[in-house]
Amino acid sequence: MALNEQYVDVTTKYGPCPSFAVCGGAAEGGPLALVQNGDRIRLSVKDRRFDLLVSEEELAKRRAAWRPVDAEKRGYAKLYQDHVLQADEGCDFDFLRSA
């Protein structure tokens, strides 16, 4: 399963090893919502893509079982969900940006 629909940001600004920020989709049931601990993933920085190496049969089971996570109602988690910007915008709180 190719996860190309997702935005992948690859950067080395935090040191010699690349770090990856993947945005969007998982909370809404997109392809990233189906990834589980221990899954094998093939990464191609050159092609700017990564592939989830799981059978279509297993992915169909996961899709059928997937349920959205309840949104937080208050506290820091609610603040984070409502106001943190995506990786390509700096992962900052939107209200801390100058107008």
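The values are calculated or read from the model by the stated rules, or taken from the named source; none is laboratory data. In this text, all values refer to a predicted model and were calculated from it rather than measured experimentally. Here the Cβ positions follow ideal geometry from the backbone for every residue, glycine too, while neighbour counts run over all protein chains shown.
Here is how the numbers come out for the structure above:
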quantity: Extreme residue, farthest from Asp39 (Cα to Cα), among residues of segment 58-98 that are in contact (Cβ under 8 Å) with a residue 60 or more places away in the chain and assigned to a loop (DSSP other than H, G, I, E, B); calculated: Cys91
quantity: Looking only at segment 41-57, and only at residues there that are part of a loop (DSSP other than H, G, I, E, B) and touching a residue at least 40 places away in the same chain (Cβ under 8 Å), the one that is nearest to Pro31 (Cα to Cα); calculated: Val54
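Conditions (1) exposed (fewer than 10 other Cβ atoms within 10 Å of the Cβ); (2) assigned by TED's automatic domain parsing to the domain that holds Gln36; (3) modelled with pLDDT under 85, marked per residue:
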residue	(1), (2), (3)
Leu59	no, yes, no
Val84	no, no, no
Asp88	no, no, yes
Leu96	yes, no, no
